[in-house]
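What follows is one structure encoded as structure tokens, with my remarks underneath.
No value in this document is a laboratory result; all are computed from the given coordinates. Quick caveat: nothing in here was measured; it's all calculated off a predicted structure. Positions of Cβ are generated from backbone atoms using ideal geometry, with glycine treated the same way; all protein chains shown enter the neighbour counts.
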Amino acid sequence: MKKITIILFSVFFILSINTKVQAQLVSIGVGGGLTQVLGPDSYTDDILNGGLGFSSEYNFGIIAKVGLPVIPLAPRVFILYHKMNSAVSFATLSKGNDVSNIAEFSQSILSFGLGVQYGFIPVPVGFDPYLSLDVTFNNFGDFEGTLPADLLAVNGSRTGLQLGIGTEVTIIPLINLDVFAGYNWFNLTGKEDGEETVSAFVLDLFLMFNFL
């Protein structure tokens, strides 16, 4: 009887461990925030100085994460849409009169990211800070402008990199807030001759829904 009890306990223990190892927490979030374009100069210089004048604009998207058992790593994928706009008014002289003009530029970047995040504190304490590294596949949308400046803009698909830091804050057991800040290089590979690197800082907030 004692041997049977030990065997049953051992089987139960192994099955219990196996169940915990296989258990994974899947999180899906929606949100957005700000994209601050940092470079190159052709993107950030004022329009009147020959640049595109891009600065801070909005972004929005979705993200999904899979929490791995035992180790504090979580694979992650996301889709993020960045919008860039600029405008400036200026006057020109026509037949002795000042004529008001407006120069406007716009472009978008659709980013698909695949990466991993590493949690600082693997034990749940109400917040979970992390570092992240993502490879991004970025599609630069068609450049639109009221002045001929399309030679300054990047077009087509490029591969980039994102380094980030963030934290997830527990609201209720099944819902978290994910606060994230990251630095992006949108076109590290796939550049055309003379193309400069487009970089940006992002600050985002995602509402995360957790599923087992």
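Listing for the model above:
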quantity	calculated
Shape call, region 114-212: gyration tensor on alpha carbons, a/c limit 1.5	prolate
Packing-based order for 27-36, 163-172, 76-85, using average beta carbon neighbours within 10 Å, highest first	76-85, 27-36, 163-172
Local electrostatic count at Phe120 - Lys and Arg +1, Asp and Glu -1, tallied over other residues with Cβ under 13 Å	-2
Peptide ranges 125-132, 155-162 listed from the most packed, as the mean C-beta count within 10 angstrom indicates	155-162, 125-132
Karplus 3J(HN,Hα) series, Hz, for region 28-39 with 6.51 cos²θ - 1.76 cosθ + 1.60 (x for Gly, Pro)	10, x, 10, x, x, x, 10, 10, 9, 6, 10, x
Region 25-211 pair-distance distribution - Cα-Cα, 5 Å bins, rounded %	1, 8, 15, 19, 15, 12, 9, 7, 6, 4, 2, 1, 1, 0, 0, 0
Using θ = phi - 60° and Karplus 6.51 cos²θ - 1.76 cosθ + 1.60, couplings along region 188-199 (whole Hz; Gly, Pro as x)	6, 10, x, 6, 8, 4, x, 6, 8, 7, 8, 10
Protection-proxy order for peptides 192-202, 54-64, each taking the mean of Cβ atoms within 10 Å per residue, highest first	54-64, 192-202
